[in-house]
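Notes to accompany the following structure.
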Amino acid sequence: MNLGVRGHDVPSESAELLCQKLCQLGLREIQLVAHKSFPNFPYGKEAITKLAQTLDRYGIRVAVYGCYVDPLTDAGKARFLEHIEYAKILNAGVIATESGVCLADPSKEAEDYANLVEVFRQFTAHAASMGVNVAIETVSVHPISTPEKTRRLLTDVAADNLFVILDPMNLNHCADDPKFYEHSQKAVDLYADRIVAVHWKQPEVLKDHPAIRFWKESGRAVLIAEGLMDQNLESFVAQANTL
């Protein structure tokens, strides 16, 4: 099964050490944000190429290249477009972002949505020219906040290389959201064919949760531990491997 972890949840001084730790855990997939894994990482083709070579030597695949920006800002758009090339060099499964940094002003919701459609058309077109896939992560406090809005964005952008990161906790509207299962089931029902990765923030892998069932049954999506370290991460790997 496809199991992974956020790279910066495995503290390492170098890419070499990160790869060694991942191999010890029995993991071959990561979500990578280079400057979070390696502070002061010198972005550029040379540094990214060297990183890609190290990962390749250990058989580590970048399932998700994280470039989480606010795509409604010029700076965010520019950064994402720049990093598509880095995702290409790393042969990443997808380059991913969220849809913003906060809920839209209700009076601007329609305008913001229209802008997001245009921005993601730009992202996917540029990425397609390089053979790269793009993914959006739905977050309840961002403009694309629900599975229904995510489905709408997928339809309106209409790009074959646009996919989704499913994070069950990020779909919650409060800490103890009673619809914790329902939100993820809705996402699976609406766009199972577009989900490429599932984030999992809990030490216990809930085998009856819709996101976990989807991951197990899909045979292609990656289950990525997020925010788990040390014993919790080891427990996550052990549980997931028994499903």
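Each value in this text was obtained by applying a stated rule to the coordinates, not by laboratory testing. What you see is a predicted model, and the numbers here were worked out from it, not measured in a lab. Here the Cβ is made from the backbone with ideal geometry for all residues, glycine too, and neighbour counts use every protein chain on show.
Could you bin all the Cα-Cα distances of region 100-243 into 5 Å bins starting at 0 and give me the percent of pairs in each, rounded to whole numbers?
Calculated over all Cα pairs of region 100-243, the distribution is 2, 10, 18, 20, 19, 15, 9, 5, 2, 0 percent.
Distance check, please: which entries in K186/K216; K36/K186; K45/K186; K50/K77 exceed 28 angstrom between their Cα atoms?
Pairs exceeding the cut-off: K36/K186; K45/K186.
Among A75, A87, A15, which one moves the most in a GNM of the chain with springs linking Cα atoms closer than 10 Å?
A75
Return the FRET efficiency for the residue pair K36, D176: r is the Cβ-Cβ distance, R0 is 22 Å, and the value is rounded to the nearest 0.05.
0.15
Find the all-direction average of the projected area of the Cα convex hull for region 163-243, expressing the result in square nanometres with one decimal place.
5.1
Per Stokes-Einstein, at 25 °C and 0.890 mPa s, what whole-number D in µm² s⁻¹ belongs to the chain, with the Kirkwood radius over Cα pairs as the hydrodynamic radius?
135
Calculate for the chain the 222 nm mean residue ellipticity that helices alone would give, adding -39,500 (n - 2.57) per DSSP H run of length 4 or more and normalising by residue count, nearest 500 deg cm²/dmol.
Value at 222 nm, helices only, nearest 500: -14500 deg cm²/dmol.
What three numbers, in Å, describe the spread of the alpha carbons of region 28-114 along their principal axes, ordered from the longest?
Per principal axis, max minus min of the Cα coordinates gives 51, 23, 21 Å.
Please get the size of the charge dipole for the chain, origin at its Cα centre, with Cβ charges of +1 on Lys and Arg and -1 on Asp and Glu, quoted in debye to the nearest 20.
So the magnitude is around 640 debye.
Can you list, largest first and rounded to whole Å, the semi-axes you get for region 72-113 by taking the square root of 5 times each eigenvalue of its Cα gyration tensor?
Value: 27, 10, 7 Å, ordered largest first.
Rank these for me by crowding, E217, E182, E226, going from fewest to most other beta carbons within 10 Å.
So the ranking, lowest neighbour count to highest, is E217, E182, E226.
Could you give the distance between the Cα centres of region 172-217 and region 85-129, to the whole Å?
22
Can you put H142, H35 in order, fewest other beta carbons within 10 Å first?
If I rank by nearby Cβ atoms, fewest first, I get H35, H142.
Just add up the charged neighbours of A192: K/R +1, D/E -1, any other residue whose Cβ is under 14 Å from the Cβ of A192.
Its environment carries a net charge of +3.
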